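J.: My structure is below; once you've seen it, I'll send some questions.
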Amino acid sequence: MGRKNLLAGLEDGELTAVNFDSATGGDAPRRLAQPTLGSRGAVGAMSRSLEMISAERRAALVLGERIAAGQNVVEIDTVLIDPSIVTDRMKGTDQDHTSLKELIRQHGQQVPVLLRPHPSQPGRFQVAYGHRRVRALAELERPVRAVVRELTDDELVVAQGQENNARKDLSFIERASFAATLEDRSFGRETIMAALNVDKTELSRLISVSRAIPREIVEAIGPAPKAGRRRWMELADRLGTRGADKAAAPILDDDKFRSRDSDERFGFLFAALAPRRPKTARPTVWTGDDGKKVVRIERSPDRTTLVVDDKTAPAFGEFVIDRLPELYRAFREEHRDG
């Protein structure tokens with residue numbers, strides 16, 4: 001299947017209308033309005049809401065202005081709605097969910113979700129995108145304003161991925177997990193590339209990182225939106241070293257780790273698994289029978305370094321260099337039988 005933008009179909013009048021309210025003429029979407037900060041609102045609490053409204057506004061642009069036609073938007077009871085066949089998001093923080101629910105409570109559902117009729121259960125629906133809005137509306141005991149469209153499984157996951165790309169709020173590891181999950185469910189690479197809007201190279205990178213990091217570690221860390229691709233790839237490399245899994249286990253169980261936010265949990269584990277430089281013994285000094293400190297000796301697991309103090313023993317360094325062939329022959333003779 002080519003990389004057709006399945007969201008474009010939302011502007012073509014190909015939508016299925018269900019539960020249409022003939023008395024009201026449907027629940028046509030309103031234009032998004034920027035809320036004002038009242039004197040009673042806390043600026044810190046509202047800032048997150050403003051960010052969410054900005055994300056909602058971007059999603060509305062993807063849906064297109066023509067979606068405002070009332071017959072294309074319907075209200076559906078949340079008890080009739082099931083999740084998508086593939087999870088694309090990791091569990092968010094309670095604060096994120098609370099902020100979104102309060103935003104919807106105060107200003108209503110600004111952007112419809114996209115649903116499809118359930119392929120095997122008549123009268124029910126599956127979410128293509130808008131899971132968080134559906135959850136918030138369910139807790140508010142409000143119906144969901146939705147666009148309903150017949151979608152194949154491939155079309156559903158492509159629409160789901162494209163909407164997330166438009167919003168740009170999935171982290172790298174969420175995208176990687178989404179890609180690997182789609183592959184596990186036997187979706188073709190072309191479909192997965194279209195859903196994530198990536199080429200073959202980037203898709204292979206996403207899937208390889210998801211495969212390299214155990215699922216329990218990903219779930220323990222969470223989405224870590226600030227970590228980025230490079231650091232997740234580096235974490236995958238670190239987890240591939242000998243003993244890394246045993247080193248990670250107690251960290252995941254540590255209360256200090258669990259109490260941090262997702263980005264901090266990533267940084268905590270990332271630092272804990274950083275490669276350690278081999279310890280080197282402290283330098284020693286060889287002293288001649290005349291009491292002079294002639295040579296400083298430094299040892300590490302893979303080398304021994306002799307540093308001759310030319311001020312203390314002038315020309316001794318040259319003397320040792322000239323004798324190296326003789327010393328090496330004597331060494332080999334002595335260790336020949338070993």
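J.: Once phi is turned into θ = phi - 60°, what whole-Hz ³J(HN,Hα) does the Karplus curve with 6.51, -1.76 and 1.60 give for every residue of the range 182-194, x standing for Gly and Pro?
T.: 4, 5, 4, 8, 6, 6, x, 4, 4, 5, 5, 5, 5
J.: Please compute the net charge surrounding Ala271, taking Lys and Arg as +1 and Asp and Glu as -1 over other residues with Cβ under 14 Å from its Cβ. Please list the in-between numbers first.
T.: On the way: positive: Arg231, Arg238, Lys256, Arg260, Arg265, Arg276; negative: Glu234, Asp254, Asp263, Glu264.
It works out to a net charge of +2.
J.: Explain nothing, just the number: dipole magnitude of the range 284-335 about its Cα centre with +1 on each Lys and Arg Cβ and -1 on each Asp and Glu Cβ, in debye rounded to the nearest 20.
T.: Working: 9 positive and 11 negative charges, 36 e Å.
It works out to roughly 180 debye.
J.: Follow-up question, since we're still on this one. For every other residue with a beta carbon closer than 15 angstrom to the beta carbon of Arg231, add +1 if it is Lys or Arg and -1 if Asp or Glu, then tell me the sum. Numbers along the way, then the final one.
T.: On the way: positive: Arg175, Arg205, Lys226, Arg229, Arg230, Arg238, Arg265; negative: Glu174, Glu234, Asp237, Asp263, Glu264.
Cβ neighbours under 15 Å give a net charge of +2.
J.: Dipole magnitude of the range 137-263 about its Cα centre, charges +1 at Lys/Arg Cβ and -1 at Asp/Glu Cβ only, in debye to the nearest 20?
T.: Numbers: 22 positive and 24 negative charges, 103 e Å.
Approximately 500 debye in magnitude.
J.: Please name which of Phe319, His335, Thr287 has its Cα lying farthest along the dipole of the range 284-335 towards the positive end, using unit charges on Cβ (Lys, Arg +1; Asp, Glu -1) and the Cα centre as origin.
T.: Among Phe319, His335, Thr287, the one farthest towards the positive end of the dipole of the range 284-335 is Thr287.
J.: Another question about this same structure. Under the 0.36 nm per residue contour assumption, what length would be gained going from the current alpha-carbon distance of Glu298 and Ala315 to full extension?
T.: On the way: separation 17, 0.36 × 17 = 6.12 nm, distance 2.07 nm.
Answer, rounded to one decimal: 4.0 nm.
J.: Here's something else I'd like to know. Neighbour counts of other C-beta atoms within 10 Å: give me His131, His118 arranged from fewest to most. Walk me through the intermediate numbers first.
T.: Details: His131 17, His118 14.
Ranked by crowding around the Cβ, least crowded first: His118, His131.
J.: For every other residue with a beta carbon closer than 12 angstrom to the beta carbon of Leu140, add +1 if it is Lys or Arg and -1 if Asp or Glu, then tell me the sum.
T.: Its environment carries a net charge of +2.
J.: Follow-up. What is the order of Phe268, Phe125, Phe319, fewest Cβ neighbours within 10 Å to most? If you can, show how the numbers build up before the last one.
T.: Working: Phe268 18, Phe125 22, Phe319 10.
Least crowded to most crowded, the residues run Phe319, Phe268, Phe125.
J.: Let me ask you something else. Cut-off is 10 Å between beta-carbons; in what order do Val79, Val285, Val295, Val158 appear when sorted fewest neighbours first? Walk me through the numbers before you get to the answer.
T.: Working: Val79 8, Val285 11, Val295 19, Val158 29.
By the 10 Å Cβ count, ascending: Val79, Val285, Val295, Val158.
Any read-out appearing in this document is the output of simple, stated calculations on the displayed coordinates, not a laboratory observation. Quantities reported herein were computed from a predicted structural model and do not represent experimental measurements. Glycine also receives a Cβ, built like all others from the backbone with ideal geometry; neighbour counts cover every protein chain displayed.
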